[in-house]
Amino acid sequence: MTEYRYLVVPFATWFFIQLFKLIYDLVTTKQFNFKRILGAGGMPSSHSAVVVSLATMIGKSQGITSPIFGLSIIFAFVVMYDAAGVRRAAGKQAKLLNKIVQTPGLTGVEVTEKLQEVLGHTPTQVFVGALIGVIVGMIFG
């Protein structure tokens, strides 16, 4: 397992966070929503946890001055910025577009499905995901 830990640990981190979201959704809404296992958004950010766990493991094993650690940290920041910035903005736009299309008489556009509104994360969701990533990376790295 040790030779595959850089794949197994981040993937397991993603899986268990998504499973947590599925179970939390089931408990709070009393409905099983399988889309939660693969869907984006929600608390905590599995994207952040995955990239930060990987960066932490690399930093722990290769050293924080290694080029691969630098690469992994930059990659982690890009992913977290995207999760809290670009994808969150796209989700807000989707919510607004869904409202516009559903307003009677406002548009003649006929839509068969709603746009996905939960795409990104709040900064708190990203921070908590990153914190989980550091903890997981320190334990298993």
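Each reported figure results from applying straightforward, stated rules to the coordinates on display, with no laboratory input. Model, not experiment: these values are computed from the prediction. Using ideal geometry, Cβ is built from the backbone for each residue, glycine included, and neighbour counts are taken over all protein chains shown.
Taking the range 6-49, which chymotrypsin sites (Phe, Trp or Tyr not before Pro) meet the DSSP loop condition and have no more than 11 other C-beta atoms within 10 Å? Display every interim value, and only then the final one.
On the way: sites: TYR6, PHE11, TRP14, PHE15, PHE16, PHE20, TYR24, PHE32, PHE34; in loops: PHE32, PHE34.
In loop regions of the range 6-49 (DSSP not H, G, I, E or B), the sparsely surrounded chymotrypsin sites (Phe, Trp or Tyr not before Pro) are PHE32, PHE34.
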**Fill in**
With N residues in the range 50-89, Rg(alpha-carbon) / (2.2 N^0.38 Å) equals 1.25
**Prompt:** Each residue of the range 9-17 in order: what ³J(HN,Hα) in whole Hz does its phi give by Karplus 6.51 cos²θ - 1.76 cosθ + 1.60, θ = phi - 60°, with x for Gly and Pro?
**Reply:** 5, x, 5, 5, 4, 4, 4, 5, 5
**Asked** Counting other C-beta atoms within 10 Å, which of ASP82, ASP25 has the fewest, and how do the rest follow?
**Response** ASP82, ASP25
**Item:** Backbone HN-Hα couplings from phi across the range 55-71 [Karplus 6.51/-1.76/1.60, Hz, Gly and Pro as x]
**Value:** 4, 5, 4, 5, x, 5, 8, 9, x, 6, 9, 6, x, 5, 5, x, 4
